[in-house]
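Report on the following structure.
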Amino acid sequence: MRRTAPPCLTRRQSLAAGVAGVTGVWWPAAPAQTETPGVLTADVIDIPPWGRRGPDGAPAGVYADLMRLLAERSHCAMQLRVVPILRSIVDVGHNDSQLTMMLDRKDMNDAGLLIGTVTQLPVQLWLPAGSTVRQLEQLRGRTVAVLRGPTYHEGVQNDTRIQKYPVSSPRQQLEMLRTGRVDAALGVEQNFQVAARALRLGPDHFAPPLVLGSRDVRLWLTPALAQHPCRERIAQALQSLRADGSIARRMAEATAD
């Protein structure tokens, strides 16, 4: 298993002002008389509105912006990249990337070192127009499209009487719902709102969704950096961003992305 350490910053680089370019590198200004660690590769998952490539090719979306805020406040330089979820899980576990955030899931908890909870996302069950489903028991004998990996709702995903159809994106979920291939789609409200807009599907295409609580979005570091100076810095930065409302403000803009 390959272990690679992040490269060290030069003194000149560490004093540079923070900018995010096409390469996705974020150089925060280092505090005086503080050791500056190397550049961390931070994964941004390739699911809008959380992660995507902007018009200039640079990582964009809610999680990209939150990673930049973490880099700025922790004084830990980060190079952002947009990758599929499953690749991020493997790469963080192997130290091929050092940081990622996504909805809580067991394989990521097994692979990474948990830093903390970033925010919570509302979970919903989306239904086609005219659906008569109004409670979970009515899903028994029906098929629900789910994203591979995370557990959104145990009552749905652990019930063997409900058929699950794993897919790779919220857009696929809504496309299958639109064509009648599934009876419902389970996931995060913002994911569905952005996917529906991209597919030009208005409210008349759906019945009122069932609201099913919320799930945590979490931040992980590669275990190879358990003693890295940025572990504590990033944890403190995360707490600070939650406390001053920075994360909540960016999350409020999620569906506009």
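The values are calculated or read from the model by the stated rules, or taken from the named source; none is laboratory data. What you see is a predicted model, and the numbers here were worked out from it, not measured in a lab. Cβ placement follows ideal geometry from the backbone for every residue including glycine, while neighbour counts extend to all protein chains displayed. Please note that ligands, DNA and RNA were not included when accessible areas were found on the heavy atoms of the full protein model with its side chains. Shrake-Rupley method; radii C 1.70, N 1.55, O 1.52, S 1.80 Å.
Applying a threshold of 8 Å to beta carbon distances and a minimum spacing of six or more residues, or different chains, the list of pairs starting in region 228-257 at a residue that is under 18 Å from Gly61 (Cα atoms) and ending at one that is outside any helix (DSSP H, G or I) and open to solvent by 50 Å² or more (accessible area, probe 1.4 Å) reads Asp257/Pro48; Asp257/Arg52. For Gln98, state whether it is over 14 Å from the mean Cα position of the chain (by Cα), within 29 Å of Thr179 (Cα to Cα) and at pLDDT 95 or above. Criteria not met by Gln98. For region 116-136, which residues satisfy the criterion of being closer than 20 Å to Arg242 by Cβ and either open to solvent by 30 Å² or more (accessible area, probe 1.4 Å) or not hydrophobic (A, V, I, L, M, F, W, C) (or both)? Passing the criteria: Gly116, Thr117, Thr119, Gln120, Pro122.
Might you check whether a residue that is touching a residue at least 24 places away in the same chain (Cβ under 8 Å), surrounded by 19 or more Cβ atoms within 10 Å (Cβ to Cβ), assigned to a strand (DSSP E or B) and among the basic types (Lys, Arg) occurs anywhere in region 57-73? Within region 57-73, none of the residues are touching a residue at least 24 places away in the same chain (Cβ under 8 Å), surrounded by 19 or more Cβ atoms within 10 Å (Cβ to Cβ), assigned to a strand (DSSP E or B) and among the basic types (Lys, Arg).
Considering each of Ala252, Ala235, Ala248 in turn, give the residue that is modelled with pLDDT under 95, under 20 Å from the mean Cα position of the chain (by Cα) and open to solvent by 10 Å² or more (accessible area, probe 1.4 Å). Explain how you work it out, then say what you get.
Numbers: Ala235 fails: modelled with pLDDT under 95; Ala248 fails: modelled with pLDDT under 95.
Exactly one of Ala252, Ala235, Ala248 is modelled with pLDDT under 95, under 20 Å from the mean Cα position of the chain (by Cα) and open to solvent by 10 Å² or more (accessible area, probe 1.4 Å), namely Ala252.
Are any residues in region 74-103 open to solvent by 10 Å² or more (accessible area, probe 1.4 Å) and on the phi > 0 side of the Ramachandran plot, and if so, which ones? His75, the sole residue that qualifies.
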